[in-house]
Every structure is written in structure tokens, then in C-alpha cells.
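The values are calculated or read from the model by the stated rules, or taken from the named source; none is laboratory data. All values derive from a computational prediction rather than experimental measurement. Because the Cβ atoms are built from the backbone with ideal geometry, glycine has one as well, and the counts that use them run over all protein chains shown. Surface areas here come from the heavy atoms of the whole protein model, side chains and all, with no ligands, DNA or RNA. Shrake-Rupley method; radii C 1.70, N 1.55, O 1.52, S 1.80 Å.
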Amino acid sequence: MSEPDISLSQAHAAEASHYSADLPEGWLRVGSLDMEAQGIARRPDGKVVFIEGALPFEVVSVQVSRKKSSFEHGTVTEIHHESSQRVRPGCPHFGLHTGSCGGCKMQHLEVSAQVAIKQRVLEDNLWHLSKVKSETMLRPIEGPAWGYRYRARLSVRYVIKKGEVLIGFHERKSRYIADMKVCPVLPPHVSRMLLPLRKLIGQMDARETLPQLELACGDDVTALVLRHLEVLSEGDKALLRAFAVAQNVQWWLQPKGPDTVQLLDEGGPQLRYGLPDFGITMPFRPTDFTQVNPFINRVLVARALRLLQVKKTERVIDWFCGLGNFTLPLATQAAQVLGIEGAETLVARSLDNYDRNQALRPEGQALAPTRFVARNLFDMTPEMLVADGSADKWLVDPPREGAFALSKALAELNENQDLRQGWTPPQRIVYVSCNPATLARDAGILVHRAGYRCVSAGVINMFAHTAHVESMAVFELA
């Protein structure tokens, strides 16, 4: 377990209206939640206590499992005063009991309250980590709270002693696989498939060497990627084919790394998702990165482009462009687009997606000229940024590590204008983040060194019932 950010947690706890000094001995009043969805309280001596299962403004008793000089970890044992926002979890496998699933952490909290807490996490990170305060807060992007998870990586294990197969997420704080019979955050047809999948794998010759099952749902196709450590027998392949027909799924096999993934049988419909607001269809392979929540993704892309305010005369760069999730919609609005991504395979797939969509565009609605480049974006320099040419707008959508090198290169060009050689910075940047801490770090560079204002920011509830915080921030040249 990683060490918690005590400074941020103390800031949360200090804002509780009362400490625990006025309570019976051992009782604690919870002030807020941390990024792991643990309640944060303080003992009368000021020591921070992280409490699993506790919600803000509850008064609880705690069983402490870990003590350090500056903080403690524990689990709620009794709730003396319950939050009005506490709700009954929607999944029988959620909770603090032995064997509970670790996939979700916030099902006991009403969904709108989850979003409010994530918004607070974003604001706290921006201010406490970088002293950045957004001029306005965007309305949160929300979608279905159940049945939204179109991507998932499920562990598989044949338990020899029990003679049965487990398929699911890991248990809470454990390397063991939860005994999942349903999963309400998965699409309903996939949740109903969990027990049939367990039965299928239990019948296979290779059942002891099948460690993982990956789910990828498109608009029309449900793909299952089976990781197998030994060559599958013809009998096992026949079982997979029969299951595919019965459950209307498409099997892919993965004997080694992600590059080895291939269809069990060629042919059949293509895995893809649509962005109907832009007339774009995105084919993808089941191991390609795509957003987990397609309902949120459609709204996310539309809002990002609306906030970017792209004009038909402008050049736009899409950093960390992936398959072109933002690039292709941008090509419906801009004069010219450049998509930059680290992986050569994704760049090739982006270009293919661009060509496919260009061929399907109605007459008079052609996509703007678009170029894709492969580059290590964690090794950016001011010189590389100048070589890419000036752009009016940027869309930045990095992985959890953020866009530190890119932000730093932009700052260095602002601080040393002799390096520019006629290059001009973008007037507006929309930054889509899956980690509020790295967004805050990069925002600090953009605001304090690169000459930008943070004009708006807000959260995206991509992963309902989890503590995962997706967000978006808009920066404008001051």
C-alpha cells in the first residue's frame, strides 16, 4: 500500500466543523473522503485516521489495522451517526466482508455525492499541489451509474481443491479473485455471462493455464480475449465456438503479449464504436486503448471540442491521440490537424481510421487534412515543439503519468523566447486527465511558468462507484 498524502488529508480533516474531542472515547467524526474512498478523521491529538467504509459527517468506531507516527488506517466497526447520503450497495459482492470484491469502492455513497466528492478532490489537488484555482467550475459530466463498463480485465483461476473456476476482479486488498456471480457495473448481458463463463472454462482441457479474460464491447460486438499459456486443443476451441454462438460473443486468443492477439476465427462483424455527433465510426482491436464508458465518452468528446472553440481556419494538435478519439472529430471542425502518439501501432491504426472515415464522408463534408506522428511524448523538448509548428489550439489527453515534458517544454519556450524562431504558443488548451495529481502538477507549470490562466475545470464521472477521478481543464493564454 502506498503512503497517503498526509498534507492533503490533513487539509481535508482540518475543515471538519468539529474534531472528535467532544465525542465519547474512541468515537471519531469523519470530515471527508480521500482518493481511495476512505473516510478521513482526526483524533483529539490531531492524528489523521483513514477509515474504510466511513462517509463524511458520520460518527463511527474504528478497528485500527495499521499505526504510524502521523496517521492510522482502520475499518469502521460501528456507525453511531449515519450520513444521509449512505445508500444500500447495488451489488451483493460489495462491502467490507471477507471475500468482498475490490472493483468498486463507493457503492455505499449516493451517486451525486460521489461526483461532488470527486469535484472536491480535483479542486483540492489543483490548489494544494500547485496553487492553481480554476476561474469557473464546469458542470460534472455524468452518465449511467450501472451497466457502463464496456472494458474490463478479469482474472481467471481454476481452484483445484474446489473443482471450480473463479472469474472476476480481485478481492478487496487481496491477490485472490472475488467469487463473483454478477457484476452490475458490467453491461447486463456480460454480467449474466459470468456463471456460464465459469462453467465453460471448467470444462476446458487448458483450465489451469488460463489466467485472464479481457472484455471489450463495441456498439454491435462483444469481444472476449482469452489469455492462454499453452496451445489450445481442438476440443477447447470447439467449446469456445459453441459458447460464442450461444452467447453472441466474438473470441480472440492471446498466447503471449498484446501484439499476439488474434481472432479465433476470421470474419464476422468488426469491433467499433461511434461518435454520432460528428459522423465518426472508430474501429478498434480489443486490446487497443478505448474509454471504458462509451456513454460518457460521447459527451466528453463533444464538450472538449466545444470548449476548445475550434474554427475552420485553425490548426490543432491532438497530443496523446491514441486511435484518434479526439483527432477525427477535430478534423470535422479545423483547417488542419496533427495527431501525435507514442505507439507506432496506434499511429497506423489512427491513419487507417482516418482514411476509412474520409471515404464515408458525404460530399462537401470532407475531413480536414490530418497527419499522424509517432513520438515519445515523455521526452519532449522545446526544439521538438518548435519543429511541430505553431497551432492555434491544443487537445491534451495523456495517461496517468500526465504531460509533464510537454508542459515543461511549453514553459521553457515562454521563458526563453529566443528559442521560438517564429513559433507561437496555442491560444487555448483543453487538457483531459485521468489523474488529478498529475493534472495539478502540469497545471502549475502552465499557469505559473507558461503564461496561461486556468479558465475552467470539472470532473467526468467515467467510473461510477469507484474512487477514480477523470477531469478536464481549460487553459487560455493570458
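The criterion of being modelled with pLDDT of 95 or more, outside any strand (DSSP E or B), exposed (fewer than 13 other Cβ atoms within 10 Å of the Cβ) and more than 26 Å from the chain's Cα centre (by Cα) does not hold for Ala244.
Quickly run through the stretch 94-120 and pick out the residues that are assigned to a loop (DSSP other than H, G, I, E, B) and either over 15 Å from Met35 (Cα atoms) or in contact with a Cys (Cβ under 9 Å, 6 or more places away or on another chain) (or both).
Of everything in the stretch 94-120, those that are assigned to a loop (DSSP other than H, G, I, E, B) and either over 15 Å from Met35 (Cα atoms) or in contact with a Cys (Cβ under 9 Å, 6 or more places away or on another chain) (or both) turn out to be Phe94, Gly95, Leu96, His97, Thr98, Gly99, Ser100, Gly103, Cys104, Gln107, His108, Glu110.
If you go through the stretch 253-282 and keep only what is among the basic types (Lys, Arg) and either surrounded by 11 or more Cβ atoms within 10 Å (Cβ to Cβ) or within 24 Å of the chain's Cα centre (by Cα) (or both), you end up with just Arg272.
Can you spot a residue in the stretch 167-188 that is surrounded by fewer than 15 Cβ atoms within 10 Å (Cβ to Cβ), of a type in the set (Gly, Ala, Ser), farther than 23 Å from Leu300 by Cα and over 22 Å from the mean Cα position of the chain (by Cα)? No: the stretch 167-188 contains no residue that is surrounded by fewer than 15 Cβ atoms within 10 Å (Cβ to Cβ), of a type in the set (Gly, Ala, Ser), farther than 23 Å from Leu300 by Cα and over 22 Å from the mean Cα position of the chain (by Cα).
So, in the stretch 255-307, how many residues would count as being in contact with a Gly (Cβ under 7 Å, 6 or more places away or on another chain) and at pLDDT below 95? Qualifying residue count, the stretch 255-307: 1.
Looking across the stretch 368-422 at every residue that is β-branched (Val, Ile, Thr) and within 16 Å of Arg315 (Cβ to Cβ), the one that is nearest to the chain's Cα centre (by Cα) is identified as Val396. Can Val459 be described as hydrophobic (A, V, I, L, M, F, W, C) and open to solvent by less than 10 Å² (accessible area, probe 1.4 Å)? For Val459, the condition - hydrophobic (A, V, I, L, M, F, W, C) and open to solvent by less than 10 Å² (accessible area, probe 1.4 Å) - is met. Against the list (1) in contact (Cβ under 8 Å) with a residue 12 or more places away in the chain; (2) open to solvent by 10 Å² or more (accessible area, probe 1.4 Å); (3) farther than 27 Å from Ala405 by Cβ, the condition Gln336 fails is (3).
Residue count for the stretch 289-303 under the criterion of being assigned to a helix (DSSP H, G or I) and either without any contact (Cβ under 8 Å) to a residue 60 or more places away in the chain or within 10 Å of Asn325 (Cβ to Cβ) (or both): the result is 5. Looking across the stretch 436-478, the residues that are under 22 Å from Ala405 (Cβ atoms), touching a Cys at 6+ places or on another chain (Cβ under 9 Å), outside any strand (DSSP E or B) and of a type outside the set (Val, Ile, Thr) come down to Ala443, Leu446. Hey, any hits in the stretch 209-229 for a residue that's within 25 Å of Gly102 (Cα to Cα), part of a loop (DSSP other than H, G, I, E, B) and either modelled with pLDDT under 95 or open to solvent by 10 Å² or more (accessible area, probe 1.4 Å) (or both)? Within the stretch 209-229, one or more residues are within 25 Å of Gly102 (Cα to Cα), part of a loop (DSSP other than H, G, I, E, B) and either modelled with pLDDT under 95 or open to solvent by 10 Å² or more (accessible area, probe 1.4 Å) (or both). Of all the numbered requirements in (1) aliphatic (A, V, I, L, M); (2) touching a helix residue (DSSP H, G or I) at 6+ places or on another chain (Cβ under 6 Å); (3) open to solvent by 20 Å² or more (accessible area, probe 1.4 Å), Val159 misses one, and that requirement is (2). For the stretch 21-77, filtering for residues that are hydroxyl-bearing (Ser, Thr, Tyr) and in a loop (DSSP other than H, G, I, E, B) leaves 2. The residue list Gly339, Gly389, Gly422, Gly451 contains one member that is at pLDDT below 95 and either more than 26 Å from Ala467 (Cα to Cα) or of a type in the set (A, V, I, L, M, F, W, C) (or both), which is Gly422.
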